[in-house]
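First the structure, in the form of structure tokens, and then the observations on it.
The values are calculated or read from the model by the stated rules, or taken from the named source; none is laboratory data. Quantities reported herein were computed from a predicted structural model and do not represent experimental measurements. Because the Cβ atoms are built from the backbone with ideal geometry, glycine has one as well, and the counts that use them run over all protein chains shown. The area values use the complete protein model at the heavy-atom level, side chains included, leaving out ligands, DNA and RNA. Shrake-Rupley method; radii C 1.70, N 1.55, O 1.52, S 1.80 Å.
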Amino acid sequence: AWTGLVIAALSELSFLSMAIEPIQFLLPIGRFGGLLWLIAVGFLLPQNRAAANREAR
């Protein structure tokens, strides 16, 4: 979850690249980092809800 929050914060900061040109490097970091994070989290989700309920809390 923390990785996703960091990528989201970088994506929000990339909005400033319209006014501050040197931070344009954040645009691909936010875009591709977010895509990779979504793919990784998608693979880590349980296959069905019953499997998630069986795990020890």
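Quick look at the numbers
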| item | result |
| --- | --- |
| Computed [θ] at 222 nm, deg cm²/dmol, the chain (DSSP H ≥ 4; -39,500 (n - 2.57); rounded to nearest 500) | -20500 deg cm²/dmol |
| Inter-label distance for F25 and L45, nm, one decimal - labels placed 7 Å from Cα along Cα-to-Cβ | 3.4 nm |
| Scattering curve values for the chain, log₁₀ I(q)/I(0), Debye with Cα scatterers, q = 0.14, 0.24, 0.30 Å⁻¹ | -0.51, -0.90, -1.10 |
| Accessible area expressed per residue, the chain, with surrounding protein chains retained (probe 1.4 Å, Å²) | 89 Å² |
| Rounded tilt (10° steps) of 2-13 against the dominant C-alpha axis of the chain | 30 degrees |
| Solvent exposure ordering (accessible area, 1.4 Å, most first) of F43, F25 | F43, F25 |
| Choice from L27, L13, L45 showing the highest fluctuation, given a GNM over the chain with Cα pairs closer than 10 Å | L45 |
| The chain - percent of accessible surface contributed by carbon and sulfur, probe 1.4 Å | 69 percent |
